[in-house]
Amino acid sequence: MPIPPARAGRVVIISASVGAGHDGAAAELAARLRAAGHPVDRHDLLDLFPARLGPLVSGSYHRLLTLAPWAYQRMYASTERRRSTSPAVRALLRSAEERTLRVLPPDTRAVVSTYPGASQVLGALRLSGRLHVPVLTYLTDFSVHPLWVAPGVDLHLAAHPIPAAEARAHGAARAVASGPVAGPRFTPAAPGQRQAARARFGLPPHAPLALLVAGSWGVGPVQQVAAEIRDSGVAVPVVVCGRNEALADRLRASGIDHTHGWVDDMPGLMHACDVLVQNAGGLTSLEAFAAGLPVTSYRCIPGHGQTNAAALHTAGLATWIRDPADLKPLLTELLDGPLGQVQRETALTLLTEDPHNGPIAQIRRACAGSAPQPTTAARPRRAPALRRLAVTTTLAAALWATAVGTGIATTHLDESATRPPHPPTDGRGWGGVGPYGH
């Protein structure tokens with residue numbers, strides 16, 4: 001049943017600028033809600049930490065991924081088993097509570113999180129009775145780390161039944177498969193669009209093209225994978241390095257001619273290509289499904305990269321190539337065989353949204369059933385308490401990446417910085433089986 005425009009209340013969306021995936025999902029949700037008549041505010045959790053700790057949080061996570069990915073894998077698995085954060089990280093989260101309350105206007109009817117840390121902050125405020133409107137978490141990952149599920153959150157929205165079931169298994173009070181969010185320009189290429197896009201990007205007019213995404217941070221075994229795709233002879237690699245211009249320069253110097261930094265027109269570049277190769281399993285994969293591209297996961301990054309690959313493989317949406325010897329035959333199958341067609345059909349089913357149960361419908365229902373958020377005065381803090389908080393949160397910021405950095409939805413690891421002191425025991429580099437492997 002449509003909700004009258006007069007009852008469309010304000011929605012506040014809190015994300016985090018640790019990669020592009022969380023912000024990308026937040027932006028698309030905001031655009032759809034505004035189109036439905038809702039005023040929308042967006043905030044970055046990193047801006048809500050005190051003492052400019054946000055950049056330290058993001059930088060710590062980035063350095064951990066690039067300099068010690070094997071340590072990130074161990075820490076990811078450890079927090080997955082414990083299903084909890086350290087006392088220092090909990091102190092950091094508490095330090096964001098007051099600012100979070102202050103950015104919620106009095107007419108707020110619902111708050112949506114697209115980042116696990118934001119969900120933890122909002123859930124705690126909800127449980128304490130200081131936040132009176134519904135809190136919803138939109139899960140940007142296809143696999144669900146336990147830290148995505150925060151006590152106090154009213155509803156978890158997932159792209160597929162697999163992450164919805166995982167959220168419930170981790171204790172979510174309510175979790176529904178409401179479908180993915182991808183921008184309206186991500187559609188299969190219409191007649192003539194493919195050739196026009198290839199001409200616009202200076203790509204070969206007739207060769208099969210494999211789009212290798214490297215995310216906003218441009219991290220992952222990208223150079224190695226690009227060379228493997230090229231040497232397979234199956235497709236020409238087209239690489240997107242995000243904001244990592246140093247990686248782009250190395251790729252061009254190594255003979256990977258079709259290398260890009262940040263690309264504003266990703267729908268157009270997807271129209272030009274024939275298959276997507278990724279290693280993190282976030283928003284870019286969902287956008288590729290919408291664009292009609294078959295997707296493969298290869299040499300996945302530790303932690304969420306491997307668990308997302310396993311979940312996407314189980315769902316029949318993206319083939320996980322775990323052995324380099326399978327790269328050539330499986331790319332061939334995705335380009336020209338029945339495997340690619342089956343994946344496209346499966347993705348089409350996923351993207352057929354029920355207008356009454358999609359993410360926007362779920363958020364609108366939450367708004368319609370709530371009263372506005374009353375103004376809450378910030379709690380005064382004594383000077384000694386502030387000093388203790390500064391010390392604790394600084395320590396916690398350095399640890400944050402190890403506990404809650406579970407969804408750099410479209411970012412990847414640079415090969416030059418991903419060598420552990422000893423090779424992975426499975427002998428397959430970053431293609432090995434992760435915690436959810438099979």
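The values are calculated or read from the model by the stated rules, or taken from the named source; none is laboratory data. These numbers were taken from a predicted model, which means no experiment stands behind them. Because the Cβ atoms are built from the backbone with ideal geometry, glycine has one as well, and the counts that use them run over all protein chains shown.
Go through region 346-373 and report how many residues are among the charged types (D, E, K, R) and buried (at least 17 other Cβ atoms within 10 Å of the Cβ). Before you say what the answer is, go through the steps one by one.
Step one: list which residues in region 346-373 are among the charged types (D, E, K, R), which gives 353-354, 364-365.
Now narrow it down to the ones that are buried (at least 17 other Cβ atoms within 10 Å of the Cβ): 364-365.
Final tally of qualifying residues: 2.
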> Quick one: what pairs do we get from region 1-26, first residue within 23 Å of PHE186 (Cα to Cα) and modelled with pLDDT of 80 or more, second among the polar types (S, T, N, Q) and in a strand (DSSP E or B), C-beta under 6 Å, 6+ apart or different chains?
Replying inline: HIS22/SER15; ASP23/SER15; ALA26/SER15
>> If a residue counts only when it is among the small types (Gly, Ala, Ser) and over 19 Å from ALA347 (Cα atoms), which strands (runs of 3 or more DSSP E) contained entirely in region 109-185 have at least 1 such residues?
In response: 175-177
> Taking the condition of a type in the set (Ser, Thr, Tyr) and surrounded by 21 or more Cβ atoms within 10 Å (Cβ to Cβ), does THR319 pass?
Replying inline: yes
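Taking the options ARG194, ARG252, ARG200, ARG243, name whichever one is charged (D, E, K, R) and under 24 Å from LEU334 (Cα atoms). Give the derivation first.
Numbers: ARG252 fails: under 24 Å from LEU334 (Cα atoms); ARG200 fails: under 24 Å from LEU334 (Cα atoms); ARG243 fails: under 24 Å from LEU334 (Cα atoms).
Checking each option against the conditions leaves just ARG194.
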>> Filter region 326-345 down to the residues that are polar (S, T, N, Q) and loosely packed, with under 15 Cβ neighbours inside 10 Å and list them by number.
In response: GLN341
> Out of the residues in region 27-66 that are within 26 Å of GLY218 (Cα to Cα) and among the acidic types (Asp, Glu), which is modelled with the lowest pLDDT?
Replying inline: ASP47
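Taking ALA290 as the residue in question, decide whether it is among the hydrophobic types (A, V, I, L, M, F, W, C) and either closer than 28 Å to LEU139 by Cα or touching an Asp or Glu at 6+ places or on another chain (Cβ under 7 Å) (or both).
Criteria met by ALA290.
Applying the selection to region 181-195, what residues are surrounded by 14 or more Cβ atoms within 10 Å (Cβ to Cβ) and free of Cβ contacts under 8 Å to residues at least 40 places away in the same chain? Explain how you work it out, then say what you get.
Of the residues in region 181-195, the ones surrounded by 14 or more Cβ atoms within 10 Å (Cβ to Cβ) are 181-183, 185-189, 193-195.
Answer for region 181-195, where residues must be surrounded by 14 or more Cβ atoms within 10 Å (Cβ to Cβ) and free of Cβ contacts under 8 Å to residues at least 40 places away in the same chain: just GLN195.
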> What about VAL121, is it in contact with a helix residue (DSSP H, G or I) (Cβ under 6 Å, 6 or more places away or on another chain), at pLDDT below 85 and surrounded by 24 or more Cβ atoms within 10 Å (Cβ to Cβ)?
Replying inline: no
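Suppose the filter is among the β-branched types (Val, Ile, Thr), modelled with pLDDT of 90 or more and assigned by TED's automatic domain parsing to the domain that holds THR100; does ILE360 pass it?
Numbers: among the β-branched types (Val, Ile, Thr): yes; modelled with pLDDT of 90 or more: yes; assigned by TED's automatic domain parsing to the domain that holds THR100: yes.
When the stated conditions are applied, ILE360 passes them.
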